[in-house]
1. Report, in whole Å, the centroid distance computed from the Cα atoms of the range B:208-276 and the range A:107-150.
2. Could you state the angle between the C-alpha long axis of helix A:272-282 and the longest principal axis of the C-alpha atoms of chain A, as a value from 0 to 90 degrees rounded to the nearest 10?
3. Calculate the dipole size of the protein assembly as shown relative to its Cα centre from +1 charges on Lys and Arg beta carbons and -1 charges on Asp and Glu beta carbons; express the result in debye to the nearest 20.
4. Which of B:PRO117, A:THR94, A:ALA206 sits farthest toward the positive end of the charge dipole of the protein assembly as shown, with +1 on the Cβ of Lys and Arg and -1 on the Cβ of Asp and Glu?
5. Rounded to the nearest 20 debye, what is the charge dipole size of the range A:4-222 about its Cα centre when +1 sits on each Lys and Arg Cβ and -1 on each Asp and Glu Cβ?
6. For the range B:194-201, take each phi angle, set θ = phi - 60°, evaluate the Karplus expression 6.51 cos²θ - 1.76 cosθ + 1.60, and give the result in whole Hz per residue in order, putting x for glycine and proline.
7. Below 8 Å, C-alpha to C-alpha, sequence gap of six or more: please give me the relative contact order for the range B:167-359 in percent.
8. Return the long-range amide H neighbours of A:LEU158 (sequence gap of 5 or more, or a different chain), with a cut-off of under 5 Å between placed amide H atoms.
Amino acid sequence: MSDAAIVAAGLTRTFGKLIAVDSVDLTIPKGKIYGFLGPNGSGKTTTIRMLCGLLKPSAGSARVFGMELPRDAEKVRPRIGYMTQKFSLYEDLTVRENLEFMGRIYSMRRRRRRQRIESNLARYALDDRQRQRAGTLSGGQKQRLALAAVTLHEPELLLLDEPTSAVDPQSRRDFWDGLFELAEGGTTILVSTHFMDEAERCHRLAILAEGRLVAEGVPRELSSNIDAVVLEVETDRPRRARAALRSVGFVRAVTQIGARLHVMVETGTDDPEAQVRAVLKSGGVAGIVERVSANLEDVFVAATGFDGDVALPAADGSAGADESGAGSDEVHP
Amino acid sequence: MSSLLRMGAIIGKEIRQLSRDRLTFGMIIGIPLLQILLFGYAINLDVRHLRAGVADQATTQLSRQLIADVEASQVVDIVARARTAGELEDMMRRGEITVGIVIPADFERRVREATRPAAQLLVDGSDPTVANIAMRLAQMRFELRKVGVERPSTVFEVRTYYNPERRSAVQIVPALIGVILTLTMVLFTSVAVVRERERGNLELLITTPIRNLELMIGKIIPYIVIGLIQVTIILLVGWYLFDVPVRGSVVDLYQGSLLFIAASLSLGLMLSTFAKTQFQAMQLAFLAFLPQLLLSGFMFPFDGMPPLAQRIGRLLPLTHFIAIVRGVVLRGAALEELMPNVRALGIFFLITMTLATLRFRKRLD
Ligand SMILES: Nc1ncnc2c1ncn2[C@@H]1O[C@H](COP(=O)(O)OP(=O)(O)O)[C@@H](O)[C@H]1O
Ligand SMILES: [Mg+2]
């Protein structure tokens, strides 16, 4: 398995009675962007922490570059870069001082350190912020600084824990462009997210829910292999339509996306469009029904059974289950 | 080389952060200044005109001369006359006087015998200021020559009531170095580590190749410098304001201080491995401070403590440092003469440093 950067088998971690990560099997190939998609509390951070030797697995094993963790953690450390979910550089140091610090901690010699710092400052558009204290940076700048810091020593493996949770959409796109560049350069990237659009961009994806790995594969294949029929309902009374549909046996889940509903129907249901129309009609709701191909959110819903009754707050705690459904590309409906 | 680089990174970072943390920076200078001024001022209060009673049993020219000299010093005002020491004691208990002067009937003879105290000073020790002021009186060399008496030693034998231990700025200031260092050094290091944990910096730091020992050493070196600065502040203020001399070698003093600072810092590091929050770290630091304050010989004379207290006291670094600093500063001893204490500090440092390094886990669980 020399082409795998990470291999985990039966990886489990408990905190008291809580099973935060539940026998997860993983093989993460080298040079790819591998995503962890899951709502808050699904065990993404705990898994990543085990994969960089910060937490000892309660059961199972994790190997990085063929080395057993946490036993061989020290040997692995120079080869990995870990970007924590919460900003963990020094807020009272400047941008440049933080980078200098990280360069020294990774024992980079002066010449290479200078070179790498200059190149990362330019690459992550921090040139004109060099002398600014990290604590005064915006969310997007902090996140770029964090990435600049963990990539300074050119690690073979990057572990990024919800790197974009605190930044605006444009910064997220720029950030992902940066990740693709790194992957093209041969870096293996493990990135956790609760954004659907980000998950879609990964080469491979693992969907986590309540500590279990519920689906794994190439995003497009995950969507096309979904074991359900997805219908889209456009209506001006989504709430009422949803209530009506959820009481029907063959409907597995109803997810609201803006003014539209995604209705997941058991495969093998006879003429699902007609049946759904009938349900809507008897519920007194007008709506246009059409069959669509599944997106990742449907995959997630199909794999977990979450369809919106449980609010899955975003990492920053800002989003709940709101009727307008503005954040249509997030895990929570 | 890599190791030095990593250690240097920690040291440099720590110094930068310190120089930007005004509160901590203020504490580095402020705590020693405040403490020494508070202690020193209380001790040095130039109290004059203490109420004194005299029992002059000699009533000779010489005894009257002595009383006149004492009054001339303005340290005491003689407000009462008594016949016996017992009467003076009664007055003192009632609070009418704070100092009693007893001149025995054979005063003339005693004055000429340098081996015996010529007169007695009764001091109300319940008030430490009084005790210290009266002590100055005792140390005065009265101009008895005027009346044709040559006496090399002081005139008075001092009997301190209610507080048999005699203190003075000279005794307290050197020991104060130890107390201040104990307070600040343990606190600074334990908080410095726990703060990183609290702010989340540690999670990043422990995924880097830094080794435990490098991290520990990197954390204490900046504070060693700070400790030495504090020693200097206390010595300078002590010398300037309170005339505390350094009788021994300054190099010895700094070497001893260095060892004690290292021991206190490693104690702080060890405590930090038990604390999750800065508040817990502070509580632990305080917990470590109290027994040192009480059992080190700073508050109570070490030899007078019960054996168990002494045994505990010998385990504490402050005890040994106070022995060293009093030896070097006041008795002019060389460090080689204080080897048992030096060794004890060294061992304490090694043990706590080892424990801290072993207990520190580059893991979150
Ligand atoms: N140190 C810990 N102690 C106790 N419970 C924890 C700890 N870390 C995580 N958990 C719990 O484990 C579960 C998974 O958490 P986490 O891995 O942080 O999820 P995610 O990163 O996907 O949001 C959560 O229920 C969380 O409360
Ligand atoms: Mg997380």
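1. Computed from Cα coordinates, the inter-centre distance equals 34 Å.
2. On a 0 to 90 degree scale, this one is about 60.
3. Details: 84 positive and 76 negative charges, 496 e Å.
It works out to roughly 2380 debye.
4. So the residue we want is B:PRO117.
5. Numbers: 34 positive and 27 negative charges, 180 e Å.
About 860 debye.
6. 5, 4, 5, 5, 5, 7, x, 5
7. Numbers: 262 pairs, mean separation 65.7, N = 193.
Here the relative contact order equals 34 percent.
8. The list, which skips near neighbours in sequence, is A:GLY81, A:THR188, A:ILE189, A:LEU190.
Values quoted throughout were computed directly from the atomic coordinates according to the rules given, and no laboratory measurement underlies them. Quantities reported herein were computed from a predicted structural model and do not represent experimental measurements. Using ideal geometry, Cβ is built from the backbone for each residue, glycine included, and neighbour counts are taken over all protein chains shown.
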